[in-house]
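**Q** I have a structure here, written as structure tokens, and I will follow up with some questions on it.
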Amino acid sequence: MPKVLLINPPFNINKENYDSSISVGLLSIASYLNSQNIAVGIIDGVRQKDYLKLLTEGIRKCDYVGISVMTTQIPKALEISRLVKKLNPKCKIIWGGAHPSLFIGQTASHPLIDIVGYGEGEITMFQLANNLPVAKIKGIAYRAGGRVIINQPQELHNPAETKLFNWDLMPLKILKDLCLIPSLTSRGCPHRCAFCINAILKNRWRPRTAEQVLEDIKIIKDKEYFKNKRLRFWDENFFVDLNRAKKIIEGLIKNNLIIPWETTVRANYLKKGMIDQKMMEKIKKSGCELLSFGAESGCPRMLKKIKKDIMPKDVINSAKICLKNDIIPQYSFMAGLPGETKEDIMETLRLIDRLVNLSEQVQILGPQAFRPYPGSELYQECLASGWKEPKSIDEWESAIKKELNYFNVHKFPWLDDPDFIESLEAYVRFGAHSVKSALGSTVKASKFLKLPFIILAKLRWKFKFFSWPWDFKLAKKFVTKT
């Protein structure tokens, strides 16, 4: 039986794309523990529908359960924690991941949670599994003497010291069913976007070497269950070190390791002196099929406010260059930031219009509603507006249990028209794209239910009329239940 059981709870949101890949964070921790001779198992509640049965079978002799928790996973993470306490009261429950790292004290205060691991988890879980005294372990929080103790942060892990994921730790069925093969060639980001969790947690950029990445891909290419699948480099920005990126791309071509792949890059990197036409040709030749960009806004004022350090012209230029090289450009947007006006948002919609009119190949994600994270430069503005965040894990559970997203935007006092913000993503997804593309949306609903909403959304998009979103509210009822 495993000494450590790592669990990825189901999400609260019913979207197909949540099971297109796997949790690279959990797999990385599991691979590290395994390399240090710690018995470890993984249960993936997103992809294993019988996860509670698997948990029941695996928990009775387990010493530690590590649960990775994003905000929309809180309800299921609590359900899992209650079951663990019932079946094996001596087992220590550790919550880690994005939400506990942002809300350390709140999370550690909950009676079901023995320890919070904040930040990166490899070293922390290794030290816990080796039964080091909690007072000596960095990167954790726990209750003692009636109060929460938060230890000093753990040093950032060096990914160059980590071996390739141990794929054998994942159930074979999950690997066979993957749509995207996950790879992580670096961690963190050197840029300063005011809304980003990497800037908040000070996750500086740390790479694996080009040689390590190529060796990783060689092993992936040899796996029969990965044949004919696309590789996703889940880096925040694959191209931070252009020389390293060139070595990887040229190595893929030279060593016959060409595989369909995609990754993330900044829009202003695609220019002379950085990623020029010659490099784009090599990127395409090496197997790249899609590049993701964080566009965020079409309003120069808001882009400056969030310290994005790009402009709308960079976004349009990057799309044109990608399309010229037969690479799909994908852009994510947000809306509803404190201080953002409706006209600012309309500038974003006009930029999206320009992008989708370039080609049907252009993909748009969002605009998703901005969510306030503690520690960000925008957080104080949210508090000053009168917003009050949930004060406990139980309050978070109650607040998001029936929501489609991280939090209900109607509770954000800085928004003049929350209905407008909440419905934008749906109107763009179903209205700005072709009917065929809209029908292929990852939202789980019958095509017969999608089609009427698509027709209405396309009319709204054509006339840029988004008031009184009764159709969105009606459609929402069909996708809120998991």
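The values are calculated or read from the model by the stated rules, or taken from the named source; none is laboratory data. Being a predicted model, the structure only gives us computed values, none of them experimental. Backbone-built Cβ (ideal geometry, glycine too); neighbour counts: all protein chains shown.
**Q** If you check 340, 236, 250, which single one turns out to be acidic (Asp, Glu) and assigned to a helix (DSSP H, G or I)?
**A** Residue meeting the stated conditions: 250.
**Q** Scanning segment 78-102 for residues that are on the phi < 0 side of the Ramachandran plot and of a type in the set (Gly, Ala, Ser), which turns out modelled with the lowest pLDDT?
**A** Across segment 78-102, the extreme among qualifying residues is 98.
**Q** Something else: As an exercise: evaluate residue 236 against (1) at pLDDT 95 or above; (2) surrounded by 18 or more Cβ atoms within 10 Å (Cβ to Cβ) and give the number of the one condition it does not meet.
**A** (1)
**Q** Take the conditions among the small types (Gly, Ala, Ser), modelled with pLDDT of 90 or more and touching a strand residue (DSSP E or B) at 6+ places or on another chain (Cβ under 6 Å) and apply them to residue 188. Does it pass?
**A** yes
**Q** For segment 284-323, enumerate the residues that are part of a helix (DSSP H, G or I), more than 30 Å from residue 372 (Cβ to Cβ) and either within 24 Å of the chain's Cα centre (by Cα) or free of Cβ contacts under 8 Å to residues at least 12 places away in the same chain (or both).
**A** Selection gives 322 alone.
**Q** So if I check each of 198, 243, 268, which one is under 25 Å from residue 337 (Cβ atoms), of a type in the set (S, T, N, Q), outside any loop (DSSP other than H, G, I, E, B) and at pLDDT 95 or above?
**A** Only one candidate passes the filter, namely 268.
**Q** Identify, by number, the condition in (1) assigned to a helix (DSSP H, G or I); (2) surrounded by 22 or more Cβ atoms within 10 Å (Cβ to Cβ) that residue 27 doesn't meet.
**A** (2)
**Q** Filter segment 330-346 down to the residues that are within 20 Å of residue 383 (Cβ to Cβ) and surrounded by fewer than 18 Cβ atoms within 10 Å (Cβ to Cβ) and list them by number.
**A** Result: 339, single match.
**Q** Further, regarding this structure: Kindly establish whether residue 84 is of a type in the set (Val, Ile, Thr) and in contact with a Cys (Cβ under 9 Å, 6 or more places away or on another chain).
**A** Taking the combined requirement at face value, the residue satisfies it.
**Q** Please go through segment 350-363 and pick out each residue that is more than 23 Å from the chain's Cα centre (by Cα), assigned to a helix (DSSP H, G or I) and either in contact (Cβ under 8 Å) with a residue 40 or more places away in the chain or surrounded by 14 or more Cβ atoms within 10 Å (Cβ to Cβ) (or both).
**A** 350, 351, 353, 354, 355, 356, 358
For every residue, the table says whether it meets (1) touching a residue at least 12 places away in the same chain (Cβ under 8 Å); (2) of a type in the set (Ser, Thr, Tyr); (3) within 20 Å of residue 97 (Cα to Cα).
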site	(1), (2), (3)
147	no, no, no
155	yes, no, yes
169	yes, no, yes
190	yes, no, no
195	yes, no, yes
203	yes, no, yes
209	yes, yes, no
218	yes, no, no
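**Q** Could you list, in sequence order, the residues of segment 65-77 that are part of a helix (DSSP H, G or I) and either in contact with a Pro (Cβ under 9 Å, 6 or more places away or on another chain) or at positive phi (or both)?
**A** 73, 74, 75, 76, 77
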